[in-house]
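Inspection log for the structure reproduced underneath, given as structure tokens.
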Amino acid sequence: MTKQSKSESKHIVILHGWGSNPGRWKAIYENLNSIGKNFALVHTPFLPGFDPKKPIKKPYFVQDYAKWLDEYLTKNNIKKPVIVGHSNGGRIAIYYASHYQNISQLVLISAAGIPNPNLLLKIKKTVFLTLSKTGRKILALFGSENLLDSAQKLLYKVARESDYLKATPVMRDTMLNLLAYNAYFDLPKIVVPTLCIWGENDTATPLWMGEEMHRRIQNSKLKILEGEHNIHITHNKEIAGLIREFIS
């Protein structure tokens, strides 16, 4: 079986999650970037703000990431690609697929975008969002700078947003902007064939979110694996196989 030309091959663009990088997709990249009827050209760009060599100067909203993706596709002459998004990358992929036309198929892997209705998580998120904007003013009332920092770290930990503490000020605001996006009403706008892949023991984006996305995207399939959130690493062969089957 001969190798297809670049013009005949499919393009797959992988959008990594928050705090991740293209290197964590190496195994899947090598599996998909092969020969035969499933031959594909795989692109694994850094999302803006995550390349240590190219920091962003202002906070991004999900709309900004979608615009960046569209410009990236145009610049690289990529037409009607398969967009693969994991976690936060899935959030961006959902927005792009529901607002732009340059996409042929969509793969959502443990995608973010649907708010969790669990009351405790709502409380934690409220604490987290409040601290991000007014925390230092409020906590400063309780004592020294050391006490302030300790209290902040404790509350951020309770909010399970350790990534926030590690981020730069610009990326902290970016995280808040992305968390504010609710994909619920955009999901029915997606008309391209969609494959949702989820780990049944995912605690970051629980399986019910995958089931809800599958329910709201009219032309979608849901595949469940025995894994957690980072199934693209722990189950890379299975995921690559599912994607190859889906796009063939």
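Descriptive notes on the structure:
- Qualifying residue in the range 95-108 (condition: more than 15 Å from Ile14 (Cα to Cα), assigned to a helix (DSSP H, G or I) and either at pLDDT 95 or above or assigned by TED's automatic domain parsing to the domain that holds Ser220 (or both)): yes
- Met175 satisfies every condition listed in (1) of a type in the set (A, V, I, L, M); (2) surrounded by fewer than 18 Cβ atoms within 10 Å (Cβ to Cβ); (3) under 28 Å from Pro52 (Cα atoms) except (2).
- Looking only at the range 33-43, and only at residues there that are surrounded by 13 or more Cβ atoms within 10 Å (Cβ to Cβ) and at pLDDT below 85, the one that is nearest to Arg244 (Cα to Cα): Asn38
- Those residues of the range 202-233 which are farther than 12 Å from Ile109 by Cβ and polar (S, T, N, Q), in sequence order: Thr203, Gln218, Asn219, Ser220
- Every condition in (1) surrounded by fewer than 20 Cβ atoms within 10 Å (Cβ to Cβ); (2) assigned to a strand (DSSP E or B); (3) at pLDDT 95 or above is met by Trp68 except one, and the failing one is (2).
- Filtering the range 191-212 to residues that are within 14 Å of the chain's Cα centre (by Cα) and either outside the structural domain of Ile109 (by TED's automatic domain parsing) or at pLDDT 95 or above (or both) leaves Cys196, Ile197, Trp198, Met209, Gly210.
The values are calculated or read from the model by the stated rules, or taken from the named source; none is laboratory data. Note that the structure is a prediction, hence the values are computed from the model and not measured. Note that we place each Cβ from the backbone using ideal geometry, even for glycine, and neighbour counts take in every protein chain shown.
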